C-alpha cells in the first residue's frame with residue numbers, strides 16, 4: 001500500500017489560511033467529499049461571506065484540537081465531530097447532515113462487474129483515501145475486507161491524503177480505478193466523464209455525515225444561521241445535485 005499525498009500543497013494552504021479567514025464572516029472546515037456541494041452552497045448564501053476549508057476529517061479534527069479558527073466542522077462521519085464534542089470543543093450538539101455512497105470510478109476501465117474488476121491484471125493501481133484520517137477511506141477498506149478482495153489487491157492500493165486526492169490519482173492516470181464517494185465525481189458523471197458502478201451498501205458502514213458549531217468560533221450567531229441554512233430547501237437541492245442525500 002503506497003501513500004501518494006501532497007504535503008507541499010498542504011503547507012502552502014496552511015500558510016495562506018490565516019489571511020483568507022480574515023475576510024470571512026464564518027469559516028467552515030469540511031470533509032473533502034463536501035467540496036463541490038458546499039462551494040456552491042457558500043456562493044448561494046446571502047447572509048454573509050462563508051470561507052470553506054477542505055481536508056480529511058481526521059486532519060481537520062487535529063487542527064481543531066490545535067485551535068484552528070474555524071466556526072463550523074462538517075465531517076464525513078459522526079465519529080470525528082462526536083470526538084470534538086467529547087473534548088469540549090463543540091458549541092451545542094452534533095447534528096446529522098447528509099449521507100453519501102461509495103462507488104468504483106475509472107477514466108476508462110469498465111467497472112460494471114463491480115469488485116471483480118480489481119483483480120484484473122490490467123488494473124495495476126487502485127486509489128482510495130487514507131483510512132487513518134479519511135472516513136471514506138475507512139469505508140473503502142471495509143468494502144475490500146468484507147468483499148473478500150483485500151488480500152488479493154493489497155499491493156495495488158495507493159492512498160490519497162483525502163478522498164479528493166485519491167480521486168485525482170484516477171483522473172491523472174496514477175491509478176486505474178478508485179473507490180470514492182459519489183459526491184466527489186457526481187459532476188463528472190453528469191457530464192458523461194469516466195465509468196462508475198455503485199458498491200453494494202451492505203459491504204460498508206452507512207456514510208452518515210455530522211456537523212457542529214465549534215466553541216472556538218468568533219461568530220457563533222452567524223455560524224448557527226448558516227447551519228440553519230444548510231437544513232433549508234435551497235441547500236438540500238444543491239446537496240442532492242452533487243450526490244449527497246440530506247439526513248432528516
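The values are calculated or read from the model by the stated rules, or taken from the named source; none is laboratory data. Keep in mind that this is a model prediction, so the values were computed, not measured. Methodologically, a virtual Cβ is constructed for each residue, glycine included, from the backbone with ideal geometry; neighbour enumeration extends over all protein chains shown.
Give me the strands (runs of 3 or more DSSP E) completely within the stretch 1-77, filtered to those with at least 3 residues that are under 12 Å from the mean Cα position of the chain (by Cα) and modelled with pLDDT of 95 or more, ordered by residue number.
Numbers: elements: 26-31, 50-55, 72-74.
Answer list for the stretch 1-77: 26-31, 50-55.
If I go through the stretch 200-248 residue by residue, how many of them are crowded, with 20+ Cβ neighbours inside 10 Å and part of a strand (DSSP E or B)?
Total satisfying the criteria: 7.
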